[in-house]
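Only one structure is covered here, and it is reproduced in the block below.
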Amino acid sequence: MKTKLLVAMAAMAMSFCAWASAQTTLTLQKAGTTVPHAAPVGGAPLTSLEQDPAMSGGDADSGDEEDLGPEPVVNRTLGHRAGHLGGQIQGNGRRAKSNPELQGGFDGLNFHDQRYANGGNQFSVEPPDQGLCAGNGFVVESVNDVLAIYDSAGQRLVGPVDLNTFYGYAAAINRSTGAYGPSITDPSCYYDADTRRWFHVVLTLDRVGTTSLLAGTNHLDIAVSRTADPTGAWDVYSLPVQNNGTQGTPDHHCDGGYCLGDYPHIGADAHAIFLTTNEFALFGSGFYGAQIYAISKQALVDGADAPNVVLFNGGDPSIPAPAFTVWPASSPGGQYDTSNGGTEFLLSSDAVFYDSGTSDTLWVWSVSNTGAIDTMPAALTLDVKPVTVQGYAVPTSLVRQKAGSTPLRDCFALVGCAPTYLGYPNIVYPAPRALAVNDSRMQQVSYANGKLWGTLDTDVLLGDGSHGSGINYVVLNPHSGIIYANGTLALPDANLTYGAAAVTASGRGVIAFTVVGPDNYPSAGYASLDAKTGAGDVHIAAAGAGPWDGFTGIPYLSGNRPRWGDYGAAAVDGNVIWTASEYIAQTCTLADYLTPPLFQCGGTRGALSNWATRISSIRP
């Protein structure tokens, strides 16, 4: 476990360092082309194989250990614990009485779309994660594991498109033959206003043939639109990230022979697209540091066969900073930092590395000389420095939600229902169930109006004396470290979690999040963000209609963690900010749940979950 000594070491290492030992030059390979087309929605309401045996929690990034059945355990935990700050930050924010900034909104993808896309040749997956991007009058939303494209009025133009099909793979599970396709997870998306192109990325884990066994090789699949219209053709590239010396990767000596490029996210400056991952051992234990990939933007836009890639290994011992979820900044309206030959900024936090679960340090990373990515990729350099901020802490892991109708839970509890209809034994568990919130990893980062903007979740003290989740925000000068705004957005009676901020070119921002508590079904919320005044009041963009009623955390079905969110998203299109957050859009009774077609409550949910997403248009 790292200690505060690490921070002291970094403070003494503020001078510029290239860290040449951490840099590797790679070449990206084009894998093909794709056009998003929706396949029929349907299939059996429930099968004997609902979870991918290789991903028992339904998603590759649980933050906890996952039991892979016959395969080794994939350990993606840092061993952190919840932290409580001295002089505890109170949840004293206010709820807005009206929503004058809310221009409109619509329900996005939901669990029914996910499970029954591609004729039902999909697994039951939660949490959805969120890969929203917007631009040129379009909104693209992708979640685990489907994609949809909308116009600015909310009309669905394409979708749901299962991500296996979008990336040219066999179905996640062929329910006629039993053949498995690659396991895809963690979608992320970005519209680049400068080049008028769409960029989409997922983590893909290969199988041993068509079996459920993981082969060990895994890669980031990157789709790049050929025009400003996302409904048209995209080029697809593949970047191996197992980092064991195979397929042109460096060898990071991960336990078990294969590294995993987990939790990929996307940012950009004028010259490069940046992808970052958290590197864990796939077939062993251990965290090996965040990885930062810089890829030639122009080569991707041109559809080049082999764009240049520069990899910085955040786990290299020469780097005096804990590299975990190093989130790259996106820049609205073509605003970029032009210093030092072009610079991309990234942010990370470090509370998860301390036994206390607390910290008052953020890390500002920068990759400079990005203009050389096409001609001298080895000339790109990495730097990192600490910035002291308001204290933050890993939130209490589980939070309460409002009681309501929970037909999945009710069927498990009712004698005869679960064995007859679900194929599982009866089990009684509490209702309403608590759901998991984020740890204190950095979330979405923006570079706008010459400033760096970021959010992360933090522990707060609620009005009843219990601990809950709020959102810490920071606006700073990435060159000097001067802080313009830094505080915590929290409510006394509800939790705010998975905050994601986006900022217009003029510096007007919005934080999107889920609001959940004893008096709130999981709801889509937002607040304004300003460099002078900080965060504004909490608005409810769409109130939840009922409690979350999903399968994760239930014995016989998944691991011990009741999953939610992993990350949200916000995106800028001119002066409008689009947000997407997980919430609950439906409610139904056990009788409704058992009415044919079984478990679907009129097409609003599936047998094993009822998550949904809300997309909102906000003019700050």
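Nothing in this text is a laboratory measurement; each read-out follows from the coordinates by a stated rule. Everything numeric in this text was worked out from a predicted model, so none of it was measured. Cβ placement follows ideal geometry from the backbone for every residue including glycine, while neighbour counts extend to all protein chains displayed.
Rounded, prolate or oblate: which fits the range 296-445 when a ≥ b ≥ c are the square roots of the eigenvalues of the alpha-carbon gyration tensor, with rounded for a/c under 1.5 and prolate only if a/b beats b/c? It is prolate, given that a/c is not under 1.5 and a/b is the larger ratio.
Amide hydrogen proximity for residue 427: with H placed 1.01 Å from N in the peptide plane, the residues at 5 or more positions away or on another chain lying under 5 Å are 413.
Working note: Karplus 6.51/-1.76/1.60 with θ = phi - 60° gives the range 91-103 the couplings x, 10, x, 10, 8, 5, 8, 8, 10, x, 7, 6, 7 Hz, where Gly and Pro are set to x. Applied to the range 156-166, the Karplus parametrisation 6.51 cos²θ - 1.76 cosθ + 1.60 on θ = phi - 60° returns per-residue 3J(HN,Hα) values of 6, 8, 9, x, x, 10, 5, 5, 4, 5, 4 Hz, with x for Gly and Pro.
Taking each DSSP H run with n ≥ 4 as -39500 (n - 2.57) and averaging over every residue of the chain yields -1000 deg cm²/dmol at 222 nm. In order along the range 183-188, phi translates into HN-Hα couplings of 8, 10, 7, 6, x, 8 Hz, rounded to whole numbers, per the Karplus curve 6.51 cos²θ - 1.76 cosθ + 1.60 with θ = phi - 60° and x for Gly and Pro.
The Cα atoms of the range 445-488 define a convex hull whose projected area, averaged across directions, is 3.4 nm². Between the listed residues 28, 393, 289, the Cα displaced farthest toward the positive end of the dipole of the chain, a dipole computed from Cβ unit charges relative to the Cα centre, is found at 393.
Farthest towards the positive end of the charge dipole of the chain, among the residues 19, 525, 539, is the Cα of 539, using unit charges on the Cβ of Lys, Arg, Asp and Glu. DSSP beta bridges fully contained in the chain are about 95 percent antiparallel.
Extent along the principal axes, Cα only, for the chain: 67, 54, 47 Å, with the longest axis given first. Picking from 148, 372, 208, whose Cα lies most toward the positive end of the charge dipole for the chain (charges on Cβ: Lys, Arg +1; Asp, Glu -1)? The listed residue farthest towards the positive side: 148. Computing Rg and the Kirkwood Rh from the Cα coordinates of the range 233-274 gives a ratio, Rg/Rh, of 1.07. Suppose every Lys and Arg Cβ carries +1 and every Asp and Glu Cβ carries -1, with no other charges. What dipole size does the chain come out with about its Cα centre, to the nearest 20 debye? Roughly 940 debye for the chain. Kirkwood analysis of the range 130-265, using all unique Cα-Cα pairs, places the hydrodynamic radius at 15.8 Å. Pairs exceeding 27 Å between alpha-carbon atoms, taken from 402/532; 385/532; 30/451: 402/532; 30/451.
Once you divide the Cα radius of gyration of the range 403-523 by 2.2 N^0.38 Å, the number left is 1.46. Quick one: pull the percentage of alpha-carbon pairs in the range 468-620 with a separation above 23 Å. Of all Cα-Cα distances in the range 468-620, 44 percent exceed 23 Å. As a proxy for reagent exposure, ranking 479, 539, 200 by other Cβ atoms within 10 Å from fewest up yields 479, 539, 200.
How would you classify the range 232-355 from its alpha-carbon gyration tensor, with a ≥ b ≥ c the square roots of the eigenvalues: rounded for a/c under 1.5, else prolate if a/b is greater than b/c, otherwise oblate? Oblate is the answer for the range 232-355, as a/c is 1.5 or above yet b/c matches or exceeds a/b.
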